[in-house]
Amino acid sequence: TPRVFSGIQPTNHLQLGNYLGAVKRFVEMQNDGMETIYCIVDLHAITVWQDPADLKHATRELAAAYLACGLDAEKSILFNQSQVPQHAELGWIFNCVTRLGWMNRMTQFKDKAGKNAEKASLGLYAYPSLMAADILAYHATHVPVGEDQKQHVELTRDIAAKFNHDYGVEFFPETQPIIEGAATRIMSLRDGSKKMSKSDPSDASRINLTDDADTIAKKIRKAKTDPEPLPEALDGLEGRPEARNLVNIYAALADISPEQVIAEHGGTQFGQFKPALAELAVEKLAPISEEMARLMADVAEIDRVLGKGAERAAEIAEPILAKTYDIVGFVRSR
Ligand code: ATP
Ligand code: MG
């Protein structure tokens, strides 16, 4: 049976790309009646330095965002990764399956480590192996993610296949990345060649789900664009990454296609299009940020929801890890 797993790191605030590229799809899959498991991947977060108090706050805020965006703690399993030790346990086993040559090809590590890779943590390098464990500890088959995570989900398939081959079993399933819609790669508002990210040092590069209406409008007004008006046809966006990005954001927020956006707004100047986009963004995001603020007023309730989710997650992962230990040949001495 199909089982959906995905996760988001509790770093900083959720940004528009996370919402449009990931969480909106999480909600759709939940509401389609699929078995859905959504994690707050705190073990991944600490692959780069996180202040402990900030990490706690970001974890609870991400839980609040999940709920405010329409995830339901009864229908979906919502929890934070560190509370289910099977992730780390399977991650270690996968570290011993994964080849260095595979890891050396991972573009996220190169992007995040930057020029001085000697100073990056070993955890940042091993990140994709832990991500494979996140998915396969539940035998998940469907993984909704943004375009930037495609390579990691493909690596998950390689790790599963190598494990199955090395141990002569048909144990871990093939995983499918689910990357659909106009918003699979939302770009930075300041640089059309860089994806929007929670951890980008420039706050002006992104829209946070916690931003108020004035901040959202200001960031869109200041978004980098070229001087041309919007084209009359979609192929006129070629070579115009910033314009393309704003059209994609509009489409994803309005639940229409980029073609429809061009049909409605083709020929208009950014001086007109940007306020329309800002109005739409505020209309869609304000109810979410209000609900997040309401939920954040009761942290104990958030922790309770996460605790219950972790128990349900562990019920699935425990037998899968027990079987994995048997396959690997670990003696069960207690
Ligand atoms: P960080 O900068 O800390 O890596 P992030 O914004 O990249 O933060 P992640 O927690 O790494 O967020 O990713 C969460 C989910 O959001 C993943 O499925 C990822 O593919 C998706 N995602 C991240 N950025 C974008 C984006 N710009 N457009 C669409 N989807 C995105
Ligand atoms: Mg990321």
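The values are calculated or read from the model by the stated rules, or taken from the named source; none is laboratory data. This structure is a prediction, so every number in the text was calculated from the model and none was measured. When we count neighbours, we look across all protein chains shown, and the Cβ atoms used for this are built from the backbone with ideal geometry, even at glycine.
Of note:
- Residue pairs whose Cβ atoms lie under 6 Å apart, separated by 6 or more positions or on different chains, with the first residue in segment 179-192 and modelled with pLDDT of 95 or more and polar (S, T, N, Q) and the second assigned to a loop (DSSP other than H, G, I, E, B) and surrounded by 16 or more Cβ atoms within 10 Å (Cβ to Cβ), are Thr184/Gly146; Ser188/Met196.
- Segment 236-276, residues that are aliphatic (A, V, I, L, M), assigned to a helix (DSSP H, G or I) and out of contact with any His (no Cβ under 9 Å at 6 or more places or on another chain): Leu237, Ala243, Leu246, Ile249, Ala251, Ala252, Leu253, Ala254, Val261, Ile262, Ala263
- Residue match in segment 10-19 (condition: outside the structural domain of Leu253 (by TED's automatic domain parsing), crowded, with 24+ Cβ neighbours inside 10 Å and part of a loop (DSSP other than H, G, I, E, B)): yes
- Cβ-Cβ under 8 Å pairs, at least 6 apart or on other chains, segment 10-22 side under 12 Å from Ile40 (Cβ atoms) and more than 6 Å from ligand 1 (Cβ to nearest atom), far side in a loop (DSSP other than H, G, I, E, B) and of a type in the set (A, V, I, L, M): Pro10/Val41; Leu14/Leu209
- Within segment 129-145, tally of residues that are over 22 Å from Pro319 (Cβ atoms) and surrounded by fewer than 23 Cβ atoms within 10 Å (Cβ to Cβ): 1
- In segment 109-128, residue surrounded by the fewest Cβ atoms within 10 Å (Cβ to Cβ) [restricted to those that are within 16 Å of ligand 2 (Cβ to nearest atom) and part of a loop (DSSP other than H, G, I, E, B)]: Gly114
- Selection from segment 1-40 of residues that are within 12 Å of the chain's Cα centre (by Cα), closer than 18 Å to Glu315 by Cα and hydrophobic (A, V, I, L, M, F, W, C): Phe5, Cys39, Ile40
- Sole exception among (1) within 15 Å of ligand 1 (Cβ to nearest atom); (2) buried (at least 16 other Cβ atoms within 10 Å of the Cβ) for Glu35, by number: (1)
- Scanning segment 313-334 for residues that are of a type in the set (Lys, Arg) and either closer than 21 Å to Ala68 by Cβ or without any contact (Cβ under 8 Å) to a residue 40 or more places away in the chain (or both) gives Arg332, Arg334.
- Within segment 277-297, tally of residues that are over 20 Å from Arg185 (Cα atoms), small (Gly, Ala, Ser) and either assigned to a helix (DSSP H, G or I) or touching a Phe, Trp or Tyr at 6+ places or on another chain (Cβ under 6 Å) (or both): 3
- Among the residues making up segment 195-215, a single one is under 18 Å from Leu55 (Cα atoms) and part of a strand (DSSP E or B): Asn208.
- Within segment 204-213, tally of residues that are surrounded by 15 or more Cβ atoms within 10 Å (Cβ to Cβ) and either within 22 Å of Pro144 (Cβ to Cβ) or of a type outside the set (Gly, Ala, Ser) (or both): 6
- Matching option when the condition is more than 12 Å from ligand 1 (Cβ to nearest atom) and buried (at least 17 other Cβ atoms within 10 Å of the Cβ), among Leu62, Leu155, Leu100: Leu155
- Residue in segment 74-91 that is at pLDDT 95 or above, in contact with a Gly (Cβ under 7 Å, 6 or more places away or on another chain) and farther than 19 Å from Glu318 by Cα present: no
- Hits in segment 127-152 (condition: among the β-branched types (Val, Ile, Thr) and away from ligand 1 (no atom under 13 Å from the Cβ)): Thr141
- Residue list for segment 169-194, restricted to those being farther than 30 Å from Pro2 by Cα, among the basic types (Lys, Arg) and within 15 Å of ligand 2 (Cβ to nearest atom): Lys194
- Selection status of Gln9, within 14 Å of ligand 2 (Cβ to nearest atom), of a type in the set (S, T, N, Q) and modelled with pLDDT of 95 or more: yes
- Whether a residue is within 16 Å of ligand 2 (Cβ to nearest atom), assigned to a helix (DSSP H, G or I) and closer than 29 Å to Leu253 by Cβ was assessed, and Val153 passes this test.
- Considering residues of segment 68-108 that are in a loop (DSSP other than H, G, I, E, B) and farther than 19 Å from Lys308 by Cα only, the residue nearest to ligand 2 (Cβ to nearest atom): Met106
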